[in-house]
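Encoded as structure tokens, the structure appears first; notes follow it.
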Amino acid sequence: MTMNFALKNVNALPTPTWNRLGINDTNLEVGDAVFAPYSSNPLSALPDGVSVSPLPFPKADTETGMGRDAADFVLANRTYGLSLRTEAGIRVAEPVKLEFRLDGENPALADAVDISAEENSEITVVMSYRSDAGFTGFHGGLTRLYAEKGAVIHLVQVQLLGETCTHFDNVGAFAEEGGTIDIIQTEIGGKAAASGVKTRLDGEKSSLIMDTIYFGDGNRSVDMNYVAEHIGRKTKSEIHVTGALLDESEKTFRGTIDFVRGSKRAVGHESEYNLLFSPKVRNRTAPLILCAEDDVEGQHAASTGKIGENTLFYLMSRGLSELEAKKLMIEAQFRPVTDRIPDESLRSAVMETVQGRLSGLESME
Amino acid sequence: MDKKKTAVQDIDRTVYDIKDKVDASYQVEGGLTPKIVSEISDQKDDPVWMREFRQKSLAIYNKIPEPNWGPSLDGLDMSRIITYIRPKTPMRGNWAQVPDDIKNTFERLGIPEAERKSLAGVGAQYDSEIVYHNVREEVKRQGVVYTDMESAIRDPKLAPMVRKHFMKLVPPTDHKFVALHGAVWSGGSFVYVPPHVKVDIPLQSYFRLNAPGAGQFEHTLIILGEGADLHFIEGCSAPKYNVANLHAGCVELYVAKNARLRYSTIENWSKNMYNLNTKRALVEEGGTVEWVSGSFGSHVSYLYPMSILKGENSRMEFTGITFAGKGQNLDTGAKVVHAAPHTYSNINTKSISKDGGVCTYRSSVEILPEAYGCRSNVNCESLMLDDQSRSDTIPVMDIRNDDVDVGHEAKIGRISDDAIFYLMSRGISEADAKAMIVTGFAEPIAKELPVEYAVEMNNLIKLEMEGAIG
Amino acid sequence: MLLEVKNLKVSVDGTVILNGLNLSVDRGEVHVLMGPNGAGKSTLVNTIMGHPQYKVEAGTILFDGEDITHAPANERAKAGLFLSFQNPEEVPGVTLESFMRTSRVAVTGKPVKLFAYKKELAEKMKALDMDAEYASRYLNVGFSGGEKKKSEILQMLMEDPKLAILDETDSGLDVDAVRIVSKGVENYKNRDNALLIITHNTKILEALTVDYVHVLMDGRIVRTGDGRLVDEINRNGFQQISAAAV
């Protein structure tokens, strides 16, 4: 089926602000896309303890970061679907890998992946998206996570698409008592990329750890919308985003910590660190804290600007050129997050992609 | 429209029902008609340009929808607002000539006393009209003009300056309520400080809305010449009625090269007020605008003073506190546009929510592409005094070049048990310990205010806190 | 007896920390409380002062003949108890001086004579080698570790309690600061009041006559002796002490 489609008003802020700022939501041009079943098998051999589940996702109405329209779009055009499950009490360290590639055979991918972890189980899923050089493709994903009591779900989503691709990742997660949702997203490629993650921390002591790195160069745009909804008592969220903008790239980050009444002793921390390297970049940020509970601790900190003069001076005093020092700083900023990617080859692929993009630069002004 | 959980008191419906019959013809015409606006022009003896301006604003008002963000305005029915209440007295330059009932109100508010003690000039507005305006002789001699807006428009020497600036910084197209203001504005103050004149003691305008169901739409226009220096204080209050009152004032501040303007507001409207006020400053090269803003009253507030840093090295500082109690939904904050290189902004706000009150901190920091070398710092802290209240923080930053240093910090929480215990261990009761911590929380704002206002603010906090501790 | 703690059982978040503790302190006495980290020393003194986080499961605390087991902290302060905190809270917006004055009015129930008060404060700050400027700074905000401890001792001297409890007041201080703080404690002590000191250090005790040393382990006092016990602990450590006690 050929589609010429734009997703309107996705990645909406949970509470809107001035329309003039254009940050309340975003539109994503999908363009011409032909959706046909994914022609190869992206799934690695399943480790022991993980199975493909015939059961429906435990919570069909799980809300996602980008919203219902983006979720319905993937379901309506699905080219790949998978439902993974771990059995109660089984903790699987070995990651399940899903490697997708956009090319002449698979120009448009709409993948819907459900991951459920039964009581006290643990699962790691690593999803990666790449494309052939110069290929213009589309990817839209819907990923839903359900962590039962004491379960841990690690989700790693690595997006290394070529510079003319359009991409979105729409994630919804639900955690029962003591459940942990641990997400790493790396938004490195694509012309236009959008990502939305909404996590409902439903059970007491459930938690979210969210680490994101982004890299913008050329006229790339990245649009993010993360929401941590604290429902249960003593729930915890940690959302940390760090990235670099070069050339004429743009980035929008919306991050919301939502303390719903009853989420007593919940703690939510959010931080954002943006390094800017070109006078033509645009960096937009809306870090929201919504709070209907007194016995909570919420904090947000953001810092945006050039590399600090002291840091630059320190590195240059050790013999690095300004350009080398800047490149080093970008890599240094990404390293703590990429080090957590549990797949050696993917880890190096991320760093190599960033280094490759940086190597072409003769100056960063 | 965002539907937030709020504990807003219902407006007394029976009063509305009575008004329905009385004002049936108004309702059909949607409350505000070209005819009503034209009557305002007649009564004010508007010059032609102002007549046309009002009508144009009305047309814009009828086109613009209500905001689709922010607190609910459902309780506000424009067809039922009496937009223009003319008091029974002309403006005076002497308190003795102001009618007793009006004068007594201002006496109770301590305005004449404050004028004697610590102010360079005072303007007092009662409902729609300024009833008193006076400025000290020595300040007049410096060439400072401080008068009511109507007089300024009619004064042949001032008129060209007014016309050049009036609603140029805040055009009626900005949003619905400023369009309304353009159509029905009345009263307010005009201030001009000539170049290099420093006014050592503050000027003050006090706004009092007395009539039930009324609107107040005063316009404040302040123009500072190069290198001038002024502190302007604005105070607002109203008695509590069972019908919704509306305040849609507009403040335009022009700060020339190297000039400095401090604009302080303590707003304590009664808790049936819809306070939809628009304030904006344009700051030229090397100029500074400092906002000090305390929001304690109103049922609903939309208030975000905006600073446009147009000239290189211009600066803005915003210090604000918002305290929302029962039935209050106060949406406050600040906006700044860095439109020139090496500009600086610093926003520091505190909010306190209790008894089901809702505080929203809302802000925007924009740094335009050509505005390199800018610094901006935002720091907002919110205190929740119970689990029935609500506090939201909605800041936006839009940065369009790389040569910037932008920091943002937000914190939310309640008074720590350990801090209360520490104070109690030194003999202080729990209630006093909490009040002490809350007052301390607000101290950075209090110390920016003139001392009488700081005392008033601390009293307001103490008063609010008495009900907060069970 | 000034303070009598009888069979005290205390829990925090459901975990029992103190389990049947007894302790008596009389007027004129200096008591030292020692014990390994996590033994419950801070729990004991916070419970005596009435921190709501510490739940008294059983037992009683009598102070000056009154049962204060469930009294709020400010009532205990009024009765004459003082705790010098290990980590004093920072309270922005409230100056040290105005806080101490408010505290004195609350404790004594009488208005403060401003001039005399300021003079007394200036003298006591000088004795503690504290810059006068600290009086107008916000309570503990931006104070270094040493400054916080001095501010606690200053408050003790201004309040002049019947029983002062010092929770590691000497830890984290340099040599000069320990000497100054010790001097302050020495000035405070007289025949009618009492001290209960938690310390890992013996410096602060040098100028004082220690009457009793208690060793707190596993939620109980396992041994009580005179001043010489301090040296024994320093030589042999707590394990031996507890083994000897069994």
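So, by mean Cβ neighbours within 10 angstrom, what's the order for B:347-357, A:50-60 with the highest one leading?
Taking the mean over residues of other Cβ atoms within 10 Å, the ranking is B:347-357, A:50-60.
Within the set of other residues whose C-beta is less than 15 Å from the C-beta of B:VAL255, count the net charge using Lys and Arg as +1 and Asp and Glu as -1.
+1
In the structure shown, do any of C:LYS148/C:LYS203; A:LYS97/A:LYS326; A:LYS97/A:LYS251; A:LYS234/C:LYS148; B:LYS44/B:LYS176; B:LYS326/B:LYS411 have a Cα-Cα gap over 21 Å, and if so which?
From the list (C:LYS148/C:LYS203; A:LYS97/A:LYS326; A:LYS97/A:LYS251; A:LYS234/C:LYS148; B:LYS44/B:LYS176; B:LYS326/B:LYS411), the Cα-Cα distance tops 21 Å for A:LYS97/A:LYS326; A:LYS97/A:LYS251; A:LYS234/C:LYS148; B:LYS44/B:LYS176; B:LYS326/B:LYS411.
Is segment C:111-199 rounded, prolate or oblate when judged by the Cα gyration tensor, a ≥ b ≥ c being the square roots of its eigenvalues, rounded requiring a/c under 1.5 and prolate requiring a/b larger than b/c?
Because a/c hits 1.5 or more and a/b fails to exceed b/c, segment C:111-199 counts as oblate.
To the nearest 20 Debye, how big is the dipole of chain C about its Cα centre, given +1 on the beta carbon of each Lys and Arg and -1 on that of each Asp and Glu?
360 debye
For B:VAL178, what charge total do you get from the other residues with a beta carbon under 11 Å from its beta carbon, if Lys and Arg give +1 and Asp and Glu give -1?
Every neighbour counted, the sum reads +1.
Find the centroid of the Cα atoms in segment B:377-414 and in segment B:141-188, then give the distance between the two in whole Å.
Cα centroid of segment B:377-414 versus Cα centroid of segment B:141-188: 34 Å apart.
Non-local amide H neighbours of B:SER301 (under 5 Å, H modeled in plane, Pro and chain starts lacking H): which ones?
Amide H neighbours of B:SER301, under 5 Å, 5+ apart: B:ASN275, B:ASN329, B:LEU330, B:ASP331.
At a 10 Å Cβ-Cβ cut-off, how would you order B:VAL438, B:VAL135, fewest neighbours first?
The most exposed by this proxy come first: B:VAL135, B:VAL438.
Cβ neighbours within 10 Å, averaged per peptide: list C:10-17, C:149-156 in order, most packed at the top.
C:149-156, C:10-17
Could you work out the mean count of beta carbons from other protein chains within 10 Å of each residue's beta carbon in A:277-289?
6
Placing one identical point scatterer on every Cα of the protein assembly as shown and ignoring solvent, what is log10 I(q)/I(0) from the Debye formula at q = 0.09 Å⁻¹?
Summing over Cα pairs of the protein assembly as shown leads to -1.18.
Listed highest first by mean packing, meaning other Cβ atoms within 10 Å per residue, what order do A:316-322, A:340-346 come in?
So the peptides A:316-322, A:340-346, ranked by packing, come out A:340-346, A:316-322.
Over chain C, what is the mean sequence separation of C-alpha contacts under 8 Å (at least six apart), divided by residue count, expressed as relative contact order in percent?
27 percent
Would you grab the residues whose amide H sits under 5 Å from the one on C:ALA39? Only those 5+ places off in sequence or on another chain, please, with H modelled 1.01 Å from N.
none
Taking θ as phi - 60°, what are the ³J(HN,Hα) couplings along segment A:152-157 by the Karplus curve (6.51, -1.76, 1.60), each to the nearest whole Hz, with x for Gly and Pro?
Once θ is set to phi - 60°, the couplings for segment A:152-157 become 10, 10, 9, 10, 10, 10 Hz.
Among DSSP bridges having both ends in chain A, what percentage is antiparallel? Round to the nearest 5.
Roughly 10 percent of the beta bridges in chain A run antiparallel, per DSSP.
Amide H neighbours of B:GLY225 under 5 Å, at least 5 residues apart or on other chains, H built in the peptide plane: list them.
Residues meeting the amide H criterion: B:VAL193.
For the charge dipole of chain A, defined by +1 on Lys and Arg C-beta atoms and -1 on Asp and Glu C-beta atoms about the Cα centroid, which residue among A:VAL267, A:THR235, A:CYS291 has the Cα displaced farthest towards the positive pole?
So the residue furthest toward the plus end is A:CYS291.
Counting only other chains, and only Cβ atoms inside 10 Å, what mean value do you get across the residues of B:264-271?
Mean shielding count: 0.
Average the reciprocal distances over every distinct pair of alpha-carbons in chain A, invert the result, and give the Kirkwood radius in Å.
Hydrodynamic radius (Kirkwood, Cα pairs) of chain A is 20.7 Å.
Say we join alpha carbon atoms closer than 10 Å with springs in a Gaussian network model of chain A; which of A:GLU250, A:GLU187, A:GLU99 then has the biggest fluctuation?
A:GLU99
Just add up the charged neighbours of C:ALA207: K/R +1, D/E -1, any other residue whose Cβ is under 11 Å from the Cβ of C:ALA207.
Within the 11 Å Cβ shell, the charges total +2.
Residue by residue through segment B:357-362, what is 3J(HN,Hα) from phi via Karplus (6.51 cos²θ - 1.76 cosθ + 1.60, θ = phi - 60°)? Round to whole Hz and write x for glycine and proline.
Rounded to whole hertz, the list is x, 10, 10, 10, 9, 10.
Would you work out if segment A:47-134 is rounded, prolate or oblate? Take a ≥ b ≥ c from the square roots of the eigenvalues of the alpha-carbon gyration tensor; rounded if a/c is under 1.5, else prolate when a/b is larger than b/c, oblate otherwise.
oblate
Please find, in a Gaussian network model of chain A (springs between Cα atoms separated by less than 10 Å), the residue of A:GLY216, A:GLY298, A:GLY65 whose mean-square fluctuation is greatest.
A:GLY298
What ³J(HN,Hα) values, in whole Hz, does the Karplus curve 6.51 cos²θ - 1.76 cosθ + 1.60 give for segment B:382-392 when θ = phi - 60°, with x put for Gly and Pro?
These are the phi-based 3J(HN,Hα) values: 10, 10, 9, 9, 7, 9, 9, 9, 8, 9, 10 Hz.
Taking neighbour counts of Cβ atoms within 10 Å as a proxy for exposure, in what order, fewest first, do A:LEU21, C:LEU229, B:LEU224, A:LEU208 appear?
Taking fewest neighbouring Cβ atoms as first place, the list is A:LEU21, C:LEU229, A:LEU208, B:LEU224.
Per-residue ellipticity at 222 nm for chain C, helices alone: DSSP H runs ≥ 4 residues times -39500 (n - 2.57), over residue total, nearest 500 deg cm²/dmol?
Helix contribution divided over all residues of chain C: -11500 deg cm²/dmol.
Anyone know which of A:ALA266, A:ALA301, A:ALA173 comes out most mobile in the 10 Å Cα GNM of chain A?
Its mean-square fluctuation being the largest, the pick is A:ALA301.
Sort A:MET210, B:MET306 by Cβ crowding within 10 Å, fewest neighbours at the top.
Starting with the residue having the fewest Cβ neighbours, the order is B:MET306, A:MET210.
The numbers here are math on the coordinates, done by the rules we state, and not lab data. Given the structure is predicted, the values throughout are model-derived calculations rather than measurements. Don't worry about glycine lacking a Cβ; one is built from the backbone with ideal geometry, like all the others, and counts go over all protein chains shown.
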